[in-house]
Amino acid sequence: MHFVVVGNSIAGIEAAIALRNRDAHAKITVVSYEHDHPFARVALMYIFCGQMRLQDTEFYDRELYARMRFERVRDLVTGVDPVAKRLSLKSGSYLHYDRLLLAVGSVGRRLPWPGAYDQPGMHHFVTLPDLEGVNAMAKPGMTCAVVGGGLIGVESAEVLHLRGLKVHFLIREPWYFPVALDNAEAEVVAAHIRHHGLDCRTATPIDGMERKGGKMVLKMPDEELPVDFVVGAIGVVPNTKFLEGSGIALTPGGAIDTADNLESVSTPDVFAAGDCANVTWPDGSRRPEQIWYTSRDQGRAAARAMLGDDVKYRRGTWYNSAKFFDIEYTTAGFIPFAAKPHKHQGVGAPGEEAHWQTWYQQVPGQAITQRIVCKDGRFVGFNGLGTRWDHQVFMRWIHERRALDWVLAHMNEARFDEEFVEPFRVLPSATLVDGA
Ligand SMILES: Cc1cc2nc3c(=O)[nH]c(=O)nc-3n(C[C@H](O)[C@H](O)[C@H](O)COP(=O)(O)OP(=O)(O)OC[C@H]3O[C@@H](n4cnc5c(N)ncnc54)[C@H](O)[C@@H]3O)c2cc1C
């Protein structure tokens, strides 16, 4: 059996390792184009800042391929012929497979303005070539715009600011990072970003862009903003253009449509995992998950399916952590999208009546907040800014269906950094409101 894995990032490499751990004799080939070794894409900004070298972000030792007896092909896949079971490579050669895993990740979503990409100056911050492009462009003293208020947007704004550029951070929505934060939390982060000297503007739609006198001029309803270059951070899309016309079913958004076992819905012996895979969410909706640990889990699940196991991939309880400048962010469980504050997303059956409550507090004068969401009196989700929390403790409490009072009384058990930060305590200003 020849297993071919395209992509050596978290989904692809975890799948390849899982295949080898179960099958000592199979031929396993790992194909990717960006870097010889798996590296943590989540650390791209640290490389840009000079705080880490690319090699520091490699999450396995460099002997991995030899130890696992992986064949390594460093090339770009330009097409798949599922009838001949053959990949075409940019180098002009072909690679045959018996079972194929596509773990090709994402690329930055392109900004929709006509002519935006016709000349240099439009960048993204998702792949290593993106990093090289921004790195070559960004010089201290320049002016740039970061368009889009998600995680990649805030990280891009931060590192460009650190390099000495004047940064306009432009967000269409009324709140910063609306998929993860509510209005109060978003305002805490936005105020912090402004405090660092960035021009952080929410509720700022951009109608288009034109080039004038060597500048890119962003057109907003009441203003034209000239900048030296733009970083587009309006999300990512599956990196699957090379599959168009292959017969492998893609969703309208370009994700590889998979069955519960992560095999293509259209094409036997072709599997997908990670950012590029269309999967079923716990609430039954279908879209890519596009985060690090779910990509890892999908890679491992896809490997089992490729080996013939009866697999049904479903993500468990959601969790994640990140940093907005120096503000730590932890989330666990169900936190409704702030952009739709009263829509229940992913908890309970559709149409189910439930009593939702939200407990919230902010430490006065500090960028420290905690939000606890309860459904029918039971803890279902946590969002925290400004201090580090152990999401595994919260996930246990969610599964144990703890009551709000119990959670508040035990919060210090979920803390990291006890020696640096004041212990958690319920403040007189804490609020408890109906709704989630
Ligand atoms: C700046 C940044 C910060 C992030 N921060 C976080 C975070 O804090 N927390 C979090 O959970 N997630 C974060 N993410 C998202 C996370 O990095 C992704 O969800 C994860 O990397 C997806 O893994 P993957 O294996 O599916 O694909 P990717 O990591 O995108 O890797 C794709 C692989 O496929 C290869 N490839 C692609 N196309 C081809 C082709 N045609 N031929 C050959 N090889 C190909 C690439 O070389 C690469 O090896 C961040 C992403 C970025 C860009």
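Put a dot 7 Å past the Cα of ALA409, heading toward its Cβ, do the same for GLN51, and the two dots end up 3.9 nm apart.
First check a/c for the chain, with a ≥ b ≥ c the square roots of the eigenvalues of its C-alpha gyration tensor; if it is under 1.5, answer rounded, and if not, answer prolate when a/b is larger than b/c or oblate otherwise. Since a/c reaches 1.5 but b/c is at least a/b, the shape of the chain is classed as oblate.
Taking 37 °C and 0.692 mPa s as the conditions, I'd like the Stokes-Einstein D for region 122-232 in µm²/s, using the Kirkwood hydrodynamic radius from alpha carbon pairs.
Working: Rh = 14.1 Å.
It comes out at roughly 232 µm²/s.
Ranking GLY153, ASN278, ALA430 by how far each Cα lies toward the positive end of the dipole of the chain (charges on Cβ) leaves ASN278 at the top. Calculated over region 24-80, the projected area of the Cα convex hull averaged across directions stands at 5.0 nm². Each Cα pair under 8 Å and six or more residues apart adds its sequence gap; the mean of these over the residue count of region 385-436 is a relative contact order of 44 percent. Across GLY365, GLY299, GLY384, mean-square fluctuation computed from a Gaussian network of the chain (C-alpha pairs under 10 Å connected) peaks at GLY365. Taking the chain as a Gaussian network of alpha-carbon nodes connected by springs under 10 Å, the highest mean-square fluctuation of the residues PHE125, PHE420, PHE70 belongs to PHE420.
When both bridge partners sit in the chain, DSSP labels roughly 65% of those beta bridges antiparallel. The simple Förster model, with R0 at 30 Å and r as the Cβ-Cβ distance, assigns ALA24 and ALA259 a FRET efficiency of 0.60.
A viscosity of 1.306 mPa s and a temperature of 10 °C, combined with the Kirkwood radius over C-alpha pairs in the Stokes-Einstein formula, give region 319-434 a diffusion coefficient of 109 µm²/s. When each full DSSP H helix of the chain is screened for a Cα extent of at least 15 Å along its own axis and an average Kyte-Doolittle hydropathy of at least 1.0, the helices passing are 151-162. Ligands, DNA and RNA left out, the accessible area of the chain computed with a 1.4 Å probe is 51% carbon and sulfur. The candidates LYS139, LYS241, LYS85, arranged from most to least accessible area with a 1.4 Å probe in the full protein assembly, appear as LYS241, LYS139, LYS85.
Between the alpha-carbon centres of region 119-139 and region 192-224 there is a gap of 18 Å.
Each label point was placed 7 Å from the Cα along the Cα-to-Cβ direction; for GLU132 and LEU427 their separation is 4.7 nm. Think of region 179-298 as having a plus end and a minus end, set by charges on the Cβ of Lys, Arg, Asp and Glu; of LEU225, ALA186, LEU198, LEU225 sits farthest toward the positive end of this dipole. Summing Cβ point charges (Lys, Arg +1; Asp, Glu -1) relative to the Cα centre of region 142-259 gives a dipole of roughly 420 debye. Entry comment: accessible area of the chain is 45 Å² per residue, from protein heavy atoms only and a probe of 1.4 Å.
Sequence-distant contacts, meaning Cα pairs under 8 Å at least 6 residues apart, place the relative contact order of region 263-344 at 19 percent. For LYS323, the aspartates and glutamates whose Cα comes closer than 14 Å to its Cα, not counting residues fewer than 8 places off in the same chain, are GLU155, GLU158, GLU185. Our helix-only sum for the chain, with -39,500 (n - 2.57) per DSSP H run of n ≥ 4 divided by its residues, gives a mean residue ellipticity at 222 nm of -6000 deg cm²/dmol. Contact order, relative form, for the chain: 13 percent (alpha carbon pairs under 8 Å, 6 or more residues apart, mean separation divided by residue count).
For a modelled paramagnetic label at ASP207, 7 Å from Cα along Cα-to-Cβ, the residues of region 144-182 in reach, with backbone nitrogen under 18 Å, are 171-173. With both labels modelled 7 Å from their Cα along Cα-to-Cβ, the GLU223 to LYS323 distance reads 2.9 nm.
The values are calculated or read from the model by the stated rules, or taken from the named source; none is laboratory data. Just so it is clear, the model here is predicted, and its values are computed rather than measured. Neighbour counts run over all protein chains shown; Cβ positions are idealised from the backbone, glycine included. Accessible surface areas use protein heavy atoms only, side chains included; no ligands, DNA or RNA. Shrake-Rupley method; radii C 1.70, N 1.55, O 1.52, S 1.80 Å.
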